[in-house]
Amino acid sequence: MLMNQTEEIYRAASPAEFFYRYREIAGFANPVRAMYQTIRELVENALDATDVHGIPPDVKITIRKADETQEFYQITVEDNGIGIPPNIVPNAFGKVLFSSKYAMRQSRGMYGLGVKMVVLYAQMTTGRPVEVITSKANFKRIYYFKLRIDVNKNEPVIIEAGSWRKTRDWHGTIVSVTIEGDWSRAKSRILEYINRTAIVLPYANITLVTPENEIIHYPRIVNTLPKPPVETNPHPHGIDLEILSGLAKNAGFNTIEELLIKSFQGIGDVTAKTILQNAGIDPSKKPSDLTNEELLALVNAIKAYDKFKPPSPKSLSPLGEEIIIAGLKRAYEPEFVTAVSRKPSAYSGHPFIVEVGLSYGGKTPIGEDKPVVLRYANKIPLLYDEASDMVVEVVRDEISWDHYMITFPAPILVLVHVCSTKVPFKGVGKESIADVPELRREVKLAVMEAARELKQYISKKMKEEEAKKKAESIAKYIPEVARSLAIILADESTLQSFKDNISVKLSHIVAKRTGVPLELIQSIVKSIEAEA
Amino acid sequence: MVSTIDASARSKALDIIKSSMRELIDQIERGEKPTLVMPKRTLTNTIYDYKHKMLLLGPELQKRSFTDVNEAKKFMQTLLMASIIYDALRNNEYPTIRDLYYRGKHSITYKSIDGKRVSENTWDEQRESDSVIRDLEVLLSVLREDLLILSKEKGKVVGNLVIRSGDDVIDLSKMGHGAYAIEPTPDLIEFVDIDAEYILVVEKDAVFQQLHRYGFWKKNKAILVTSAGQPDRATRRFVRRLSEEYNLPVYILADSDPYGFYIYSVFKAGSITLSYESERLATPTAKFIGVMMTDIFGDSIFRKIIKDREARKTLEEITPGITDLKPKTPYLSESERSNFIIKAKTRDLERAVELIGYRVAEVCIEEKDAKNKIKKKEGLTGYPWFATPQWVRELCIFFNTLSKLEIEAMASKGLKFLADKYIPEKISTGDWID
Ligand SMILES: Nc1ncnc2c1ncn2[C@@H]1O[C@H](COP(=O)(O)OP(=O)(O)OP(=O)(O)O)[C@@H](O)[C@H]1O
Ligand SMILES: [Mg+2]
C-alpha cells in the first residue's frame with residue numbers, strides 16, 4: 001500500500017523574512033516592548049552618528065499619536081550627526097544586515113539590523129513607510145526618502161525620493177516611522193531609558209516630546225566628549241576559518257604574508273614568517289591558492305601563537321571618569337561619587353574596558369539589601385533581563401559590601417559600563433551581558449576599586465562625626481563652666497561679660513583641640529544659652 | 001549672727017577656692033586647655049605611712065582636663081560644685097552634702113549636631129555630687145568642714161571639759177543624763193578648760209550611756225566619747241584634736257570582732273577609701289583596749305598553734321616576735337565564755353582576712369567549712385598596720401575559734417566589772433594593742 005506522501009518543499013528565506021517572522025528575538029515581541037525598542041534603535045543610531053564622530057549630540061525624540069482610534073504612534077528622531085549619503089539611504093533603511101558598523105570600532109550598533117526591524121514592524125502593524133531626511137555637512141542639498149522593505153527579496157522599495165537646497169548650515173538625519181504601540185504601558189520604560197542614557201551622556205542635549213506634549217529635556221552639562229574610537233584591524237586571536245577564507249578570496253593581496261601583515265593588528269614581517277612556517281605555508285603563496293587544509297593549519301597556527309601584543313584599545317571609546325561622575329551628580333546629587341575607568345583588557349582577541357561609577361547618599365535610590373545596579377554596554381543602557389546579567393551577579397553576590405562599611409538598606413548605586421568592539425550580549429536585543437571570565441574579573445576589580453574609595457570616604461566621615469560628637473560632649477558644658485567661674489571670680493556687675501568672655505575663649509580652645517569648626521561649637525553653646 | 005571664728009573660716013575658704021579657680025582662668029586666657037591637677041584618689045595611690053602610722057594619699061597626681069572627653073563632665077561638675085560652695089560660703093549658709101546635691105542638680109538642654117534637642121542633668125545621683133566634693137577636698141587640700149559643709153552628727157562626748165562652740169560656752173561635765181553632740185565643724189570648737197587623764201572612745205552608744213550613768217568618767221578622770229558605730233568625720237577630728245592638743249592617750253573600746261577591730265583602725269590610721277582625710281582625722285596614737293580575743297580565751301590556743309614549726313614559721317614571716325608575746329589569762333570563765341560568745345559569720349571571716357591576710361587564716365583555721373568560705377580571698381596580704389605580733393595572735397584566735405563577742409556581753413557580766421575592773425585594770429597594766 002502506498003502512503004500518500006506530501007512533497008517536502010525547500011526554499012531559502014531572506015534575512016528580512018527571517019527577522020520579520022522572528023521579530024521577538026530582536027525585541028519586538030508586543031506593542032509595549034516594540035515601542036520601547038523602536039525608540040532605542042533610532043536613538044542609538046542617532047548617537048552613533050554623533051559622538052562616535054566627535055560631534056556633541058543634539059537628539060530630539062518626538063512621539064505623536066497618529067490615529068484617532070487605533071494605538072498608532074508616529075515616532076521621529078532627529079540628530080545632528082554625520083548624515084547619510086543619498087545612495088546609501090535605501091540599503092541602510094531597507095536591507096537587513098546592511099551596516100557601516102561592522103568595522104573594528106566601538107559603536108552602539110553592531111548587527112546592521114536595528115532600524116530595519118523598526119521599518120518591518122511599522123510595515124506589519126500600520127503599513128506606513130519610513131521617512132528619512134538627511135544631509136552631510138559638506139552637502140548643498142537635503143535628501144528626502146520614503147521607503148519600505150521588500151521582505152522576500154530583502155531589498156528596499158523607494159516610494160518617494162527628493163531633495164532640496166540647504167538654506168541653513170545643517171547636517172544630520174531625521175527618521176520618522178509610524179508603528180502600533182502602547183504608550184501608557186511603555187511610557188515608564190521609555191522615560192527610564194532616556195534618563196539612563198542621559199546619565200552617561202552628560203555631553204548630549206536630549207529632548208523628548210511625549211504624546212501628551214510633555215517636554216523632557218536633558219541639557220548638555222559637560223563640553224568634552226569621550227575620545228572617539230579609531231578603526232583598527234582585527235586582532236589575530238579574534239579570527240576563525242570563515243573570516244580567514246573570506247579574506248583570502250576577496251581581499252586582493254598578492255601573498256599570504258602581505259595579507260597577514262595588512263589585515264591584522266600586531267603582525268609584522270617576523271611574526272608573519274614565523275606563523276606561516278609553523279603552519280607549513282610558503283609566505284609568497286597567493287592567498288587565493290591556499291587549500292582548505294592550509295587555511296585551517298594557518299588558523300590553528302595563529303591561535304597557538306602566544307606572543308601577540310594584546311588587542312589595541314584605540315578602537316574603544318570609554319566614557320572616562322569625569323563624564324561618569326558628572327552624569328551621576330546630575331542624576332542623584334550624591335553625597336559621594338566616584339568613578340573608575342579600568343585599563344584596557346581583552347577576551348578572545350576583542351579589547352574591552354570596564355568602567356564603574358558609584359553614587360552614594362543624596363538622592364541615590366535606596367538598595368534594600370544590595371546596591372542598585374545600572375548596566376551599560378557601549379554607552380547603551382540595559383534595562384531588561386537584569387536577573388541573567390553577569391554584571392548584576394558580580395555586584396550583588398561577589399562583593400561583600402559590609403567590608404566596605406555599607407549596611408543595607410543604603411542609598412548606594414553602582415553603574416557599570418562595559419565597552420568593547422564586541423560586547424558579548426546574550427541576544428540581538430542587547431539586554432544582558434554574557435558571562436565571560438575575563439570580563440567578570442575586570443568588573444569585579446573595578447567595582448572593588450570604587451568601593452574602596454567609598455569606604456575611605458565613609459570612614460573619614462565617621463571620623464569627622466566622631467570628632468564632632470567629641471566636641472559636642474565637651475562644648476555642651478561650656479556655659480556651665482563659664483558661669484561657675486564667673487560666680488567665683490567676677491563681681492555682680494561684671495558677671496555677664498566675664499562669663500561671655502570665658503565662654504568665647506573656651507569655645508576656641510575646644511575647637512582647636514578637637515579640630516572641629518568653631519561655628520559648630522558656638523552653635524551648641526548658643527543653643528544652651530538660649531534656653532537659660 | 002555668724003560667730004567670729006565662723007566668719008574667719010569662711011573668708012579663708014573663699015580665698016582658697018578663688019585662688020584655685022584663678023589658675024584655671026590663667027590657663028584659659030593663655031589658650032591652654034584648662035586642667036585641674038589633684039592627688040589621685042584611688043586605692044593604688046593609698047599608702048600606709050609607717051612613720052606617721054596612718055593612711056595617706058600617695059604622690060600620684062590626677063589631671064582633669066576640660067578638653068578630655070572622658071573628663072569633661074567631671075570637670076564641669078567640679079566647677080559647678082565649687083561655685084555652689086562658694087556661693088553658700090558667701091551667703092553665710094551651712095549646706096549639707098544633700099543640700100549641695102539639690103542646689104547643683106539641673107538640666108542642660110542643647111541642640112545636638114544632628115539637630116535634636118538633648119537634655120542631661122548636671123548630675124543624677126548624690127553619689128556623683130558626693131564624689132565631686134571629695135575631689136574638691138583633695139584639689140583644695142581642705143576638708144569639707146573647712147568649707148562649712150555640715151554632716152549628720154552622731155558622736156557624743158561627756159567629761160571634765162569646757163568648750164566654746166559658736167559664741168556659747170558649754171561645760172561638758174554638766175550634761176545630766178545626756179551628752180554633747182559633737183558639732184559637724186569640730187575645728188571651730190575652742191577648748192576652754194579640761195581636767196582629764198585620758199580619752200575613752202566606746203564604739204557602742206548603749207555602753208557609753210551605761211558608763212556615763214555609772215559615773216565612769218568622773219571616777220576615772222576620763223573624757224568619754226562614743227562614735228555610735230562607724231565613726232563619722234567630726235568625731236574622729238574631735239578625738240584627734242583633743243588628744244593632740246592636750247597630749248592625752250586615747251583608748252578605743254569596741255566589739256571583739258573584725259568589724260570592731262576595723263573601727264579602731266579607722267580611728268587610728270584612717271579609712272582606706274578616704275585616705276586624704278587621715279592627716280587631719282586620724283589619731284595614730286590611739287590604742288585598742290578591748291575587747292581582745294585574749295581577754296575571752298587567753299593565749300593557750302595560740303601557743304598550741306605555734307608549737308607547730310611550719311605554722312610558727314609562716315606567722316614569723318608576717319611579723320617577727322610572735323614567740324616573745326607576754327602570756328595572757330582570760331577575763332572570762334569557761335561557762336561565761338560559752339554564754340557570751342557568738343558564732344562568727346562568713347562576712348566576719350572575710351573581713352578578718354582583709355585585715356590580717358590570707359596566710360594567717362590558713363594557718364589558724366581548723367574547720368574545713370570555714371576554710372572553704374574564705375578561699376576566694378586567697379592572695380590578700382592584709383593591712384600593714386595589722387601586721388604586729390599582737391594582732392596576729394588576736395586574729396589567729398578568732399580564726400581558730402570562729403567566735404566573736406560584743407562589749408555588751410562584758411557589761412552583762414556586770415557593769416561594775418566593766419567600769420571598775422576591766423577597763424581600769426587594762427589601762428593600768430598596759431594591756432592594750434598599739
Ligand atoms: N541617524 C543615522 N545617522 C547616520 N547613519 C545612520 C543613521 N541611522 C542609520 N544609519 C546607518 O544605517 C546603518 C544601519 O543601521 P541599523 O540600525 O540597521 O544597523 P546598525 O546600527 O549598524 O546595527 P544594529 O543592528 O546593531 O543597530 C548604520 O550602520 C548606519 O550606517
Ligand atoms: Mg542601529
(message) If you average the alpha carbon positions of the range A:210-270 and of the range B:1-56, how far apart do those two centres end up, in angstrom?
(response) 87
(message) Output wanted: per-residue J couplings in Hz (rounded whole) for the range A:31-48, from phi through Karplus 6.51 cos²θ - 1.76 cosθ + 1.60, θ = phi - 60°, x for Gly and Pro.
(response) x, 5, 5, 5, 5, 5, 5, 4, 4, 4, 4, 6, 5, 5, 4, 4, 5, 4
(request) Compute the relative contact order of chain B as a whole-number percentage, counting only Cα pairs closer than 8 Å that sit 6 or more residues apart in sequence. (result) 13
(request) Work out the P(r) tail for the range A:313-458: percent of alpha carbon pairs separated by more than 17 Å, whole number. (result) 56
(request) May I ask which residue of A:LEU520, A:LEU290, B:GLY298 lies farthest towards the positive end of the charge dipole of the protein assembly as shown, with charges of +1 (Lys, Arg) and -1 (Asp, Glu) on Cβ and the Cα centre as origin? (result) A:LEU290
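Taking every DSSP beta bridge that has both residues in chain B, what percent is antiparallel when rounded to the nearest 5? Before the final figure, lay out each step's value.
Values: 31 of 44 bridges.
Among the beta bridges of chain B, antiparallel pairing accounts for roughly 70 percent.
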(message) Straight-line reach from A:LYS444: which lysines fall under 18 Å, measuring Cα to Cα and dropping same-chain residues less than 8 apart?
(response) A:LYS343, A:LYS370, A:LYS455
(message) I'd like to know which of B:MET81, B:SER151, B:LEU136 lies farthest towards the positive end of the charge dipole of the range B:21-165, counting +1 on Cβ of Lys and Arg and -1 on Cβ of Asp and Glu.
(response) B:SER151
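Can you give the direction-averaged projected area of the convex hull of the alpha-carbon atoms in the range A:236-304, in nm²? Could you put the intermediate results ahead of the total?
Values: hull surface 15.0 nm².
Taking a quarter of the hull surface, the average projection is 3.8 nm².
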(message) Place a point 7 Å from Cα of B:VAL2 in the direction of its Cβ. Which residues in the range B:138-170 have their backbone N less than 12 Å from it?
(response) B:147-149
(request) Work the Kirkwood hydrodynamic radius out for the range B:4-147: mean of 1/r over every pair of different alpha-carbon atoms, inverted, in Å. (result) 16.8
(request) Based on the mean of other Cβ atoms within 10 Å per residue, sort peptides A:260-272, A:116-128, A:39-51 so the most packed one is first. (result) A:39-51, A:116-128, A:260-272
(request) For the range A:71-137, state the semi-axes of the equivalent ellipsoid (square roots of 5 times the eigenvalues of the alpha-carbon gyration tensor), sorted largest first and rounded to whole angstrom. (result) 22, 15, 11
(request) Over all alpha-carbon pairs in the protein assembly as shown, figure out the percentage whose distance exceeds 47 Å. (result) 58
(message) Treating the range B:302-350 as a set of equal point scatterers at the Cα positions, no solvent, please give the Debye-formula log₁₀ I(q)/I(0) at q = 0.17, 0.29 Å⁻¹.
(response) -0.81, -0.95
(request) Could you please tell me the mean projected area of the C-alpha convex hull for the range A:201-318, averaged over all directions and given in square nanometres to one decimal? (result) 11.0
(request) Take every Cα-Cα pair in chain B and report what % of them are more than 35 Å apart. (result) 39
(request) Quote the charge dipole size of the range A:447-522 about the Cα centre in Debye, to the nearest 20; the model charges only the Cβ of Lys and Arg (+1) and of Asp and Glu (-1). (result) 360
(request) May I ask you to list the aspartates and glutamates whose Cα is less than 16 Å away from that of B:LYS377, ignoring any residue fewer than eight positions away on the same chain? (result) B:ASP348, B:GLU350, B:GLU354, B:GLU362, B:ASP369
(message) Nothing charged except the Cβ atoms of Lys and Arg (+1) and of Asp and Glu (-1): what's the magnitude of the dipole of the range B:149-200 about its Cα centre? Round to the nearest 20 debye.
(response) 320
(message) Using only Cα atoms and rounding to the nearest 10 degrees, what angle (0 to 90) does helix A:495-514 make with the longest principal axis of chain A?
(response) 40
(message) Only Cα pairs within less than 10 Å get springs; with that Gaussian network setup on chain B, which residue of B:GLU137, B:GLU145, B:GLU334 has the largest fluctuation?
(response) B:GLU334
(request) Return, for the Cα atoms of the range A:355-407, the radius of gyration and Dmax in Å, separated by a comma. (result) 11.7, 32
(message) Checking a compactness column here: for chain A, what do you get for Rg(Cα) / (2.2 N^0.38 Å), N being the number of residues?
(response) 1.31
(request) List A:HIS53, A:HIS417 from most exposed to least, where exposure is judged by having the fewest other Cβ atoms within 10 Å. (result) A:HIS53, A:HIS417
(message) What are the extents of the Cα atoms of the range B:275-434 along their three principal axes, in Å, largest first?
(response) 44, 43, 31
(request) Name the lysines eligible as straight-distance cross-link partners of A:LYS187: C-alpha to C-alpha under 19 Å, and not fewer than 8 places from it in the same chain. (result) A:LYS60, A:LYS65
(request) State the antiparallel share, in %, of DSSP beta bridges confined to the protein assembly as shown, rounding to the nearest 5. (result) 80
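Evaluate the charge dipole of the range A:12-218 about its Cα centre and quote only its size in Debye, nearest 20, assuming +1 on the Cβ of each Lys and Arg and -1 on the Cβ of each Asp and Glu.
Details: 26 positive and 22 negative charges, 103 e Å.
With Lys and Arg at +1 and Asp and Glu at -1, about 500 debye.
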(message) If you take every DSSP beta bridge fully contained in chain A, what fraction is antiparallel? Give it as a percent rounded to 5.
(response) 85
(message) Quick check: the angle from helix A:321-332's long axis to the longest principal axis of chain A, C-alpha only, nearest 10 degrees?
(response) 70
(request) Pairs to check: A:LYS468/A:LYS499; A:LYS505/B:LYS111; B:LYS174/B:LYS221; A:LYS146/A:LYS426; B:LYS287/B:LYS343; B:LYS53/B:LYS371. Give those whose C-alpha atoms are more than 22 Å from each other in this structure. (result) A:LYS468/A:LYS499; A:LYS146/A:LYS426; B:LYS287/B:LYS343; B:LYS53/B:LYS371
(message) For the protein assembly as shown, give me every cysteine whose Cβ has no other Cys Cβ within less than 4.7 Å, ordered by residue number.
(response) A:CYS419
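Could you give the C-alpha radius of gyration of the range A:383-532 expressed as a fraction of 2.2 N^0.38 Å, taking N as the number of residues it contains? Walk me through the numbers before you get to the answer.
Details: Rg = 27.4 Å, N = 150, 2.2 N^0.38 = 14.8 Å.
Relative to the rule-of-thumb radius for its length, the range A:383-532 sits at 1.85.
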(message) Using +1 at the C-beta of Lys and Arg and -1 at the C-beta of Asp and Glu, which of A:ILE399, A:VAL436, A:VAL423 has the Cα lying farthest in the positive direction of the dipole of the range A:313-458?
(response) A:VAL423
(request) Any chance you could get the radius of gyration and Dmax over the Cα atoms of the range A:139-219, in Å? (result) 17.2, 43
(message) Lysine pairs in the range A:236-304 with Cα distance under 16 Å, only those 8 or more apart or on different chains: how many are there?
(response) 9
(request) Would you mind calculating the relative contact order of chain A from Cα pairs under 8 angstrom and at least 6 residues apart, reporting the percent as a whole number? (result) 11
(message) I'd like the orientation of helix B:258-269 relative to chain B: the angle between its Cα long axis and the longest Cα principal axis, in ° from 0 to 90, rounded to 10.
(response) 60
(request) Go from 0 up to the bin containing the longest alpha carbon distance in the range B:146-189, width 10 Å each, and give me the % of pairs per bin. (result) 27, 55, 18, 1
(message) What number results when the radius of gyration of the range B:128-251, computed over Cα atoms, is divided by 2.2 N^0.38 Å?
(response) 1.09
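Any read-out appearing in this document is the output of simple, stated calculations on the displayed coordinates, not a laboratory observation. No experiment lies behind these values; they were computed from the predicted model shown. As a convention, Cβ positions derive from the backbone with ideal geometry for all residues, glycine included, and neighbour counts pool all protein chains shown.
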